[in-house]
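The values are calculated or read from the model by the stated rules, or taken from the named source; none is laboratory data. Note that this is a predicted model, so its numbers are computed, not measured. Because the Cβ atoms are built from the backbone with ideal geometry, glycine has one as well, and the counts that use them run over all protein chains shown. Side chains included, ligands, DNA and RNA excluded: accessible areas come from the protein's heavy atoms. Shrake-Rupley method; radii C 1.70, N 1.55, O 1.52, S 1.80 Å.
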Amino acid sequence: MLKNRLQEHSLGQNRQLSLKKGDIVYVAQGVIKKIGVPDEDIKHFIGPNDFLIIPPMKYAEVFVTLTAGQFLSLSEADFIQIMASHSYLLKPYQKLIMHWQRRRAIRGELLKQEKEKAKDLFPTYFKGIAQAISNRDKANYLSMSRSYYSTL
């Protein structure tokens, strides 16, 4: 049932992945970033084996690929139908929500640190994908200028 409802997306580097409210996306391969609107502030980095959950109160979200990738998405309507038919999936979904919330709190944790320490901690929080993220994007994510980031 799930396999028939998943949409597969294969995108090259620097491509946009547009998602609708309530979508759930699994990042099978690649690294993507979420950019805030209108300030172009980078809000999140998401790598392989991680999930995106677009809150139902949002209209849409756009992500940009940092590397080529493969993504599987499930629409809100399909998700609701699956959950209604298989209520035993509620517990695993709650765990997924908790994981998603912890991953999204990383930026707040880093921004509380001294700038130098935040830069040093970045690879720890983004193990396995930090090398795919440009220094410019890292500086933006950590609310630093690129030149200041480079001097640290």
Taking region 93-135 and keeping residues closer than 20 Å to L2 by Cα and either part of a loop (DSSP other than H, G, I, E, B) or open to solvent by 70 Å² or more (accessible area, probe 1.4 Å) (or both) leaves Q94, K95
Residue pairs within 7 Å by beta carbon, gap of at least six or interchain, first lying in region 16-31 and within 15 Å of G69 (Cα to Cα) and touching a residue at least 24 places away in the same chain (Cβ under 8 Å), second hydroxyl-bearing (S, T, Y) and part of a loop (DSSP other than H, G, I, E, B), listed first then second, are G30/T67; V31/T67
Checking L111, L142 in turn, the sole residue that is under 17 Å from G36 (Cβ atoms), in contact with a Ser or Thr (Cβ under 7 Å, 6 or more places away or on another chain) and touching a residue at least 12 places away in the same chain (Cβ under 8 Å) turns out to be L111
